[in-house]
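Presented below is the structure to which this report refers.
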Amino acid sequence: METLKQTILSQGKCFPGGILKVDGFINHQMDPKLMMEMAEEFSTRFATVKANKILTVEASGIAPAIMLGYLLNLPVVFAKKKRPLTMGDMLQAEVFSFTKKQSYNICISKEFLGKNDKIIFIDDFLAYGNAAKGIIGLCEQVGAEIVGMGFLIEKSFQDGGSYLRDLGYNVHSLAIIDSLENCEIKIR
Ligand code: 5GP
């Protein structure tokens, strides 16, 4: 998606270890117009997919997911990283965070994910696919089907994309970064 690519090139910052910082428009300050354009692009790409729910992980997946949910008229559920005391029956999966270098649990109340659900999973980044693996795990626990996965930014050199596509998932990324070597952003 051209606008996103240009924004990454003009505002994105490289960090050692293959991390791209996009705090000026996605991860801290957010650009609602660009966010809506990205959701519109997802809605075109997932136009023929039969989904009844959008799933994401807090926090940075929520903004694009809610905008897509608005456009497709679908409810949006976000997996929580801390179990609220009030959450009863729930599903849990462990996720390794590549940026924080530690594992954490994600949880969703059983009230909001079940065997009849057909899910589009949305997240900000696709790196090694660990968050996606956690979501796959939650869906497998109840027999929900994942009919699409959408990422704002995929880093192709970190294998998550090939892993998910090899498993047969319908993966769409709006910008694909092929390299961050020498702190130079190379976008496909
Ligand atoms: P994965 O689970 O695919 O290994 O990594 C994706 C998750 O880690 C995303 O939800 C995102 O929060 C975080 N992440 C991975 N790589 C980057 C990156 O280069 N920049 C930022 N800002 N977050 C990243």
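Quick notes
- Charges were assigned to the Cβ only: +1 to each Lys and Arg, -1 to each Asp and Glu. The resulting dipole of segment 2-64 about its Cα centre is roughly 160 debye.
- DSSP-defined antiparallel bridges as percent of all bridges, segment 2-187, nearest 5: 40 percent
- Residue-wise HN-Hα couplings along segment 165-177, as the Karplus relation 6.51 cos²θ - 1.76 cosθ + 1.60 with θ = phi - 60° gives them from phi, are 5, 5, 6, x, 6, 8, 9, 10, 10, 7, 9, 10, 8 Hz; Gly and Pro carry x.
- For segment 2-187, the share of accessible area belonging to carbon and sulfur comes to 51 percent (1.4 Å probe, ligands and nucleic acids excluded).
- Accessible area of the chain divided out per residue, in Å², using a probe of 1.4 angstrom: 51 Å²
- All lysines inside 30 Å of Lys21 as judged from Cα atoms, apart from same-chain residues fewer than 8 positions distant: Lys5, Lys13, Lys33, Lys53, Lys80, Lys81, Lys82, Lys100, Lys101, Lys133, Lys155, Lys186
- Dipole in debye (nearest 20) - the chain, about Cα centre, beta carbon charges: Lys, Arg +1; Asp, Glu -1: 320 debye
- Percent RCO, i.e. relative contact order, over segment 2-187, from Cα pairs under 8 Å lying at least 6 residues apart: 19 percent
- Computed from the C-beta positions of Asn116 and Glu58 and an R0 of 22 Å, the FRET efficiency is 0.35 to the nearest 0.05.
- Considering only alpha-carbon pairs that sit under 8 angstrom and 6 or more positions apart, the relative contact order computed for segment 10-60 is 20 percent.
- Taking segment 67-111 and dividing mean pair separation by its residue count, relative contact order in percent (alpha carbons under 8 Å, at least six apart): 39 percent
- Förster radius 35 Å - calculated FRET efficiency between Gln11 and Lys82 (Cβ-Cβ, nearest 0.05): 0.70
- Near Leu126, the amide H atoms lying under 5 Å from its own belong to Ile153, Glu154, Lys155; only residues 5 or more places off or on other chains count, and H is placed 1.01 Å from N.
- Distance between the C-alpha centres of segment 114-167 and segment 82-101: 16 Å, rounded to the whole angstrom.
- Among the cysteines of the chain, those whose beta-carbon sits 4.7 Å or more from every other cysteine beta-carbon are Cys107, Cys139.
- Beta bridges per DSSP with both ends in segment 70-156, % antiparallel, nearest 5: 55 percent
The values are calculated or read from the model by the stated rules, or taken from the named source; none is laboratory data. Because the structure is predicted, anything quoted here is derived from the model rather than measured. Cβ sites come from the backbone with ideal geometry, for glycine too, and all protein chains shown count toward neighbours. Quick note on the areas: whole protein, heavy atoms, side chains included, nothing else; ligands and nucleic acids left out. Shrake-Rupley method; radii C 1.70, N 1.55, O 1.52, S 1.80 Å.
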